[in-house]
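These notes concern the structure reproduced below.
The values are calculated or read from the model by the stated rules, or taken from the named source; none is laboratory data. This is a predicted model, so every value here is computed, not measured. Heads up, the Cβs are rebuilt from the backbone with ideal geometry, glycines too, and the neighbour counts pull from every protein chain shown. We work out accessible area using only protein heavy atoms, side chains counted, and drop any ligands, DNA or RNA first. Shrake-Rupley method; radii C 1.70, N 1.55, O 1.52, S 1.80 Å.
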Amino acid sequence: MGSYIPLKTAQRSLESFIETAKSNFDQVSSPRSSNVSSHSSQSHGYNPLFVGSSSGWKGKSRRYIQWLGAFTLIVIAMFFLRSFLPSALFFDPNEGIPIPRVSEYGEPFPDYLEKHFPLSRWTTGREDDRPILWLTISSSDFIKQGTAHMQHFIQHVLNRRNKRKTTLITFCMDELCDIACEEMGWFCFGGYREGKPEIIKTFTWPKLMGLIEILESGRDTFFVDSDVYFRSNPYEHMKPLGSFDFQIQEETAYQVNTGFFHIVSKPETVQLWRDVLDRDMQEVSRDQLNVNKLLNTFELRRRPDGGAHQDFISTTGLSVHVLPKEIFPAYHMAFNQDQSVFPKFCRTIIFHL
């Protein structure tokens with residue numbers, strides 16, 4: 001980095017330049033009675049366009065040249081100051097700089113959360129002051145497609161219709177994702193790209209670790225897959241946030257889909273995801289399969305008449321609300337069935353591909 005001129009010295013230089021320019025303008029604009037005929041003064045009053053000559057055109061030309069020279073000096077000075085002295089003249093280089101929204105190398109996720117979303121918002125103050133946090137995973141392939149759609153939907157739909165603001169945190173899986181986030185000013189964390197055990201799937205690792213650490217920190221959260229697209233406000237079709245430990249999307253065969261859910265921070269939810277991690281460390285698997293096994297969804301949701309319970313208490317003690325599949329469908333379910341099922345999904349507000 002280049003050295004800066006001391007702030008006070010730069011300010012004095014700028015003030016001196018402005019004072020000189022002002023003095024020149026005053027001289028140019030002041031009446032020159034010796035050059036103006038008494039007849040013109042009496043008949044027409046003082047007219048600055050006729051300064052310097054009884055006929056006026058010579059004074060007018062000279063005045064325009066002086067104005068052009070002064071303007072040129074100002075432009076050159078502004079270019080110089082902007083190019084070489086931005087910090088010294090306009091702000092303290094150590095103050096007023098926005099905190100970067102992309103995580104720093106080696107920064108732990110709990111520290112990243114505290115820097116941008118202090119826990120005091122959850123422990124004190126009004127509920128409307130607490131952001132609704134969403135987590136997703138992305139890469140250079142998704143960041144400008146699915147993730148960009150999600151960001152746009154949050155900013156232009158959710159945050160215009162709800163008092164509580166929603167904020168998306170993206171777990172970036174490559175540096176191009178980081179760069180795109182930095183350009184757009186999005187919240188992105190890249191700390192889970194390293195340290196992944198070989199047995200765990202690439203996109204499963206940040207999901208499990210991110211959920212464990214955000215829930216341990218005392219913050220409730222959504223998790224949303226990057227291939228989920230929204231048509232309308234999901235909050236309007238859910239139970240009040242926090243009224244259930246788990247609000248989660250429907251899946252086939254009485255199971256649930258971990259591509260879209262809201263979960264409350266409590267010891268039991270932290271333990272659920274730790275247990276999922278332990279199972280994934282023993283055998284390569286999808287987190288969704290292990291979540292359903294731990295919640296015992298097949299046994300607890302199945303009704304004698306063949307239907308499914310929307311609300312149940314899992315064997316882990318968590319209260320679970322399964323979101324209605326007509327509104328929150330996983331669309332691969334519909335694509336695998338007869339076309340006659342599509343009218344059932346006319347109320348859908350999301351597309352989960």
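The table below gives the values:
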item: Among residues of the range 300-313, those that are without any contact (Cβ under 8 Å) to a residue 24 or more places away in the chain and either acidic (Asp, Glu) or part of a helix (DSSP H, G or I) (or both), counted; result: 2
item: Residue match in the range 314-331 (condition: in a loop (DSSP other than H, G, I, E, B), buried (at least 18 other Cβ atoms within 10 Å of the Cβ), out of contact with any Pro (no Cβ under 9 Å at 6 or more places or on another chain) and of a type in the set (Gly, Ala, Ser)); result: yes
item: Among the residues listed as PHE203, PHE230, the single one being open to solvent by 40 Å² or more (accessible area, probe 1.4 Å) and farther than 23 Å from TRP122 by Cβ; result: PHE203
item: Lone qualifier among PHE223, PHE244 - being in a loop (DSSP other than H, G, I, E, B), in contact with a strand residue (DSSP E or B) (Cβ under 7 Å, 6 or more places away or on another chain) and within 27 Å of THR123 (Cβ to Cβ); result: PHE244
item: Some residue of the range 264-286 being under 30 Å from ARG231 (Cα atoms) and at pLDDT below 95; result: yes
item: Residue check, PHE117 among the aromatic types (Phe, Trp, Tyr), at negative phi and either at pLDDT below 95 or open to solvent by 50 Å² or more (accessible area, probe 1.4 Å) (or both); result: yes
item: Subset tally (residues that are of a type outside the set (A, V, I, L, M) and part of a strand (DSSP E or B)) for the range 226-241; result: 2
item: Residue within the range 236-251 that is farther than 23 Å from ARG286 by Cβ, in contact with a Phe, Trp or Tyr (Cβ under 7 Å, 6 or more places away or on another chain) and open to solvent by 30 Å² or more (accessible area, probe 1.4 Å) present; result: no
item: Sole exception among (1) under 19 Å from PHE351 (Cβ atoms); (2) exposed (fewer than 14 other Cβ atoms within 10 Å of the Cβ) for LYS163, by number; result: (1)
